[in-house]
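See structure below.
Every number here is computed from the coordinates shown, using simple stated rules; none is lab data. Remember, predicted model here, so these are calculated numbers, not experimental data. Please note: Cβ atoms are built from the backbone with ideal geometry, for glycine as well, and neighbour counts cover all protein chains shown.
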Amino acid sequence: MVRAGVEAGYECAPNIALVKYWGVRDEALGLPFNGSLSVTLDRLRTRTWVRFDPALPSDQFVLNGAPQSGNPLRSVSEFLDNVRAIARVETPAFVRSENNFQTASGLASSASGFAALAGAASRAAGLELPPPALSRLARLGSGSACRSLFGGFVEWRAGTRADGRDCFARPLFPPSHWPSLVDLVAIIADAPTKPVRSAVAMQRTVVTSPEYARRLREVPRRIRAMKRAIAGRDAPTLFALTIAECDSFRLVCETTDPPLDYLVPASRAVLAEIRAVNADAGSAIAGYTHDAGAHVHVFTTRRHANAVRRRIRAVAGVEKVLALSPGSGGRPLGGRSR
Ligand code: PMV
């Protein structure tokens with residue numbers, strides 16, 4: 001039952017995919033063609049509170065203190081419709097959300113945002129969803145959000161069912177499994193905002209990229225190899241696979257018609273610098289990846305972090321480098337009663 005007037009909160013972190021989700025077999029349900037694998041990050045957080053209130057004329061959404069309208073409000077409202085359908089209510093909701101990092105900066109605020117919204121809205125609606133159901137719900141907001149509910153290393157299996165019941169994320173290893181793993185995020189100055197939403201862009205790739213079918217054949221093998229590398233804390237293997245997967249993702253984007261190019265010259269310079277770092281070391285001591293944005297995530301281990309960080313920092317156009325680690329999963333927050 002909806003707990004009218006009771007505010008429920010939830011907190012989630014962004015995740016970065018080591019194996020990318022890109023392309024859906026069912027757009028309405030957000031069912032991907034391939035599985036994906038990610039690391040949930042520490043330090044960055046979205047906190048969201050939801051209150052269902054029959055006195056409201058319609059849904060309201062306040063992000064970082066600013067009332068939202070247009071697309072941001074619409075996507076929150078459409079997401080809440082899923083929660084209302086499960087809870088069998090029609091009550092409008094008041095949603096407030098805060099990111100401790102720049103929204104829409106290419107740091108996966110939609111993943112942490114919809115994961116936190118799924119947690120907060122389901123609690124405010126009086127639903128006690130078990131983790132797979134909560135992950136399926138978050139998936140409806142943004143695919144990658146289904147992974148941000150869990151900490152550490154997370155796998156999202158594509159599933160095979162038409163109704164998506166077997167399509168949800170689950171934790172593989174907790175953050176403590178590999179605490180010396182570091183994600184150096186190269187924040188690119190003046191990174192452009194996404195011209196096309198990922199959900200739309202990825203379907204263009206499915207339809208037009210001649211490389212997409214080959215990528216789909218490669219991904220299951222890459223996921224199995226990555227899981228083995230993570231289980232054995234085999235850094236060089238993981239970093240080499242991370243680079244190969246990122247290059248495969250970028251190739252299907254670049255061969256999309258019209259091409260999808262998320263990088264700027266400074267991002268490409270970081271990729272080149274990491275290839276040079278590995279060539280100098282004689283083995284893969286670092287691995288790069290990027291999402292549908294210009295910033296670059298460089299994985300390395302604590303032993304090499306300072307040296308790799310200096311190399312990234314020296315690349316023209318890199319504004320700063322964040323040093324992140326595997327972080328914890330979502331958690332409920334206290335709310336306010338009215
Ligand atoms: O979750 P969405 O719809 O924003 O798409 C995310 C797509 C990538 O970030 C490029 C890959 C991924 O698996 O996170």
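For this structure, a couple of remarks:
- Between the helical axis of 302-313 and the longest alpha-carbon principal axis of the chain there is an angle of about 90 degrees.
- Largest to smallest principal axis extent of the C-alpha atoms in the range 166-259, angstrom: 41, 36, 27
- Cβ-based net charge around L271, under 11 Å, with every Lys or Arg adding one and every Asp or Glu removing one: +1
- On Cα atoms only, tilt of 198-208 relative to the major axis of the chain in degrees: 60
- Semi-axis lengths, largest first, of the ellipsoid equivalent to the range 244-338 are 28, 22, 13 Å, with √(5λ) applied to each eigenvalue of the Cα gyration tensor.
- Restricting the GluC sites (Glu not before Pro) of the range 45-138 to loop positions (DSSP other than H, G, I, E, B) with no more than 10 neighbouring Cβ atoms within 10 Å leaves E128.
- Computed log₁₀ I(q)/I(0) - Debye formula, equal Cα scatterers, no solvent, the range 181-324, q 0.11, 0.12, 0.17 Å⁻¹: -0.43, -0.51, -0.98
- Residues of type lysines that K227 reaches as a straight line, Cα spacing below 29 Å, ignoring anything fewer than 8 places off in the same chain: K20
- Tail fraction, Cα-Cα pairs, the chain, threshold 25 Å, whole percent: 50
- Per residue, the convex hull around the alpha carbon atoms of the range 1-156 comes to 104 Å³.
- For the chain, built as a Gaussian network whose Cα springs stay under 10 Å, the top-fluctuating residue of V62, V185, V298: V62
- Environment charge of V318, counting only residues whose C-beta is closer than 14 Å and scoring Lys/Arg +1, Asp/Glu -1: +3
- Mean separation of Cα contacts under 8 Å, 6 or more apart, over the residue count of the range 243-290: relative contact order %: 41
- Computed [θ] at 222 nm, deg cm²/dmol, the chain (DSSP H ≥ 4; -39,500 (n - 2.57); rounded to nearest 500): -12000 deg cm²/dmol
- Using a cutoff of 8 angstrom between alpha carbon atoms and counting only pairs six or more residues apart, the relative contact order for the chain works out to 26 percent.
- Between 0 and 90°, nearest 10: helix 212-231 axis offset from the chain longest Cα axis: 90
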